[in-house]
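What follows is a short report on a single structure.
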């Protein structure tokens, strides 16, 4: 595979040597009203339809063409397309500002010309979320949420009701690389997964890669969720916010220096704990239960070629029972980025990224007094370069070095406590990577995006490292000093994604990618929990490896108004991790002795029909898939359905602009129930009725289905301010989706056992939010 | 570390609109497997090994005895104690009283197959005392917790199992702990009866008589009970994927063989 890519590369480069005299146009595309850079806006030459490009993460584009007179088309979804004549006889810079045509009070969006990017782009397995749509999709308790919306896409499955964990093409929840302005977010959920850490007020762009990942991304097996924050309005000061039933939020943005720099600060806090005050129970009355988060960003453009961006996120969850227990956990991230445009062809970005996740659990009882803490610290230095070699080749290459510090657990207590002070050794590791990729327009019909990523992992001392046998017993112990490498792994990851255009409205695509993962989440609970523990690859844990092939057919209908795609994927997974029965994962020096290793496979078909334009828009996504694991110690070494296996997964989203002020939206989902292990019999030991089990995940929970509706009423347009109301009903027909099923002795009929189903949100949940902007 | 689970369990108290109902499920019928429950303790009196089989989930909680088996226990000094069959699948021996440090081997022959298991009886850790106090979780129910106190020895790893009886009725919960977090400490462990959601008549209340049996168990038996305990802890904190706990019996069948010490104390809850 690697050699094939290299050959591609050589052929590609040699072609361009014979090219005639060419010039390059470059620049930045922005929103005319706010000055926000637009990511993925397209620039095209009208006279040469196949010659086009899209802006990168910083709104920068570079387009090369033979000398001549042309008309440039600048377009972006939800914006008016602009045509600009150019006379190309030298390299030149064109900065463009586009007008948002989807201005909320306008119904007709005619100027917004649909394009056929989906047909021509070589990238497959990618979904981009439109933030306007995210804001209209109804969600539980009115708290709009990009992670919940993402799970309505084919191939992306929710980990369960009230859970922001998600599974992509059969991958586990920890196999998603979740990035917020390039910083890894370790725990993307608030309050045990009922809300995501992403405040959609602060978000500019969301993309999820399910397959054919570009070589610049690495470190996780299944997907990349790339979330970018808004830069802030560099024209005017604005304040916007919302008051909801359980939370409120506010955002302030404005120029630091007009057209040169801006800032944005967005914050929100829940107030469920206000309701606790009403409780008759004195303990609950004095309890706390809330989260808050803050997103902040600032940027400054020194000149056309130099810009600096600072962004940060801080979030915390606090749960406490009066004078008894307390717990809090949170993420903090910070990113410093420096953009430099060397010339019209070469764009550079240097990033220094910090990420921290920690949790604290405290008990204040005299017998059981303790404080347990755990944390992860990352420092990451990245250099990414984009070089527009010619009209046929755009190269991307870069390096990054990521240093992890993991403090798995630390317990401190006072003298009257039953607990000892315990500190589990910290672990240190470097994840390093170098990559190169080429977006090659091989012909008018064939486009190939291919690349190679070399990833290295180094586990460092100081510390002592146990090696365990298959039964989990210590075989040997090695001690390493500071700076000594305890274990290292090197992996070559080829990436390929290509598109062959059959005609103006259809194309076929093919992709292959290998991904590796060196940081692994250990949790033996089925929902996301603050006490989730991360470990790195080591002398016992090998890097997880995934190979995925996928192919798809893409077809647009009705002048590109409807987009249809059908994709098939097959994925092989190596070095997957599971736990021994009765595994003790928390604050355990020998946690690696609790693990067993196996393999997995996942395959499926995804169908997607989307209407992006018009008064009525939305999509239908359907996935038929299978995900299986294989562990020697489980199920007699045979394949068994993974927890995230879902046979059918259907989502339907519709948004309708009823009048100038009213818009309606609705979501329907249907999913096969989770694969679960149910008892196949019962017996008695220790005076207790106990259940016996045969095969792992041999049963299915009942299927889930749910209908949600929402409506938005825009206030009358005032010069100075604007307001809107969002109404929603979650689970309109009150369907009971099983959250968990437990087996126990019957409470009503003595001497028998029963299955007890617990549901949350089993009744329609109304919500209302008032939003304002001035 | 049950405390972690309690913290996570708190969320269920605040749970927004959760509700439960009993449902009918079509479950498999993998029954008729041999269940061996072998115990050797340091108490005098007959040692009992019980043989039965498992039954379908939908049956009543009555388990058919297995009769006609040949059962014996031997120690590392070459002494063999034959167990004689009594009523309802119980096999007993009155000569054997277990001693700490001894390794015991159980041999059961039933249905043409011979099963063996070994267990080492740990040293006795003294059950110091019991106390009771108001439960700090869900105070409005006026429930109580019973705390068991003991001095954990620092020089060895210890594992414990507690069996809780409220007014002479054994509660459905499993309590298995080791000294991972409190080696060498004077330990107080809160035992609360899990009420499994809405039922308010379950639990420990003022005026109840509570008996706690403390067993010192070996490592494999601790893993056995700990696995069962984790599987019991369902709720919004999530649950582990259940499985048959790892047994020390070979070839694998349901049940266990445990050589453990036993002592009990009783308290009147104020």
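Just so it is clear, none of the values below were taken in a lab; they were calculated from the coordinates. No experiment lies behind these values; they were computed from the predicted model shown. Cβ sites come from the backbone with ideal geometry, for glycine too, and all protein chains shown count toward neighbours.
Pairwise Cα distances in the protein assembly as shown exceed 59 Å for 16 percent of all pairs. When only alpha carbons are used to place a centre, the range A:328-382 and the range A:39-90 end up 37 Å from one another. Mean per-residue shielding of peptide B:20-33 is 6, counting Cβ atoms of other chains within 10 Å of each Cβ. Ranked by the mean number of other Cβ atoms within 10 Å of their residues, highest first, the peptides A:81-87, A:707-713 fall in the order A:707-713, A:81-87. From helices alone, the protein assembly as shown scores -1500 deg cm²/dmol at 222 nm; the rule is -39500 (n - 2.57) for each run of n ≥ 4 DSSP H residues, then divide by the residue total.
Does anyone have the angle between helix B:219-232 and the longest principal axis of chain B? Alpha-carbon axes, 0 to 90°, nearest 10? It is inclined by approximately 40 degrees. The mean number of partner chain beta-carbon atoms within 10 angstrom of a residue's beta-carbon across peptide A:732-742 is 3.
Taking R0 as 45 Å, what's the FRET efficiency between residue A:725 and residue A:489 from their Cβ-Cβ distance, rounded to 0.05?
Approximately 0.25, to the nearest 0.05.
For the peptides B:30-43, B:66-79, the ranking by packing is B:30-43, B:66-79, with the highest mean count of neighbouring Cβ atoms within 10 Å listed first.
Against chain B, whose longest principal axis is taken from its Cα atoms, helix B:2-14 shows a tilt of about 40°. Extents of the range B:86-137, taken as max minus min of Cα coordinates on every principal axis and listed largest first, are 54, 28, 22 Å. Segment residue A:464..residue A:259, full-extension length gain: 68.3 nm, with 0.36 nm per residue of separation and the alpha-carbon distance subtracted.
Between the Cα long axis of helix A:2-16 and the first principal axis of chain A there is an angle of about 20°, rounded to the nearest 10.
Shape summary: the range A:227-773 maps onto an equivalent ellipsoid whose semi-axes, from the alpha-carbon gyration tensor, are 40, 34, 31 Å in decreasing order.
Mean partner shielding of peptide B:181-194, defined as the number of other chain Cβ atoms within 10 Å of each residue Cβ, is 4.
Express the C-alpha Rg of the range A:126-226 as a ratio against the empirical globular expectation 2.2 N^0.38 Å, rounded to two decimals.
0.98
Taking only the C-alpha atoms of chain B, the Rg (one decimal) and the largest Cα-Cα distance, Dmax (whole number), read 19.9, 62 Å. Principal axis analysis of the Cα atoms in the range A:588-696 yields extents of 68, 34, 32 Å, listed in decreasing size. Normalised radius of gyration (Cα atoms, divided by 2.2 N^0.38 Å) for the range B:34-120: 1.13.
Here's the picture: a label point sits 7 Å out from the Cα of residue B:23 along the beta-carbon direction, and within the range A:725-742 the residues with their amide nitrogen under 11 Å of it are A:736-742.
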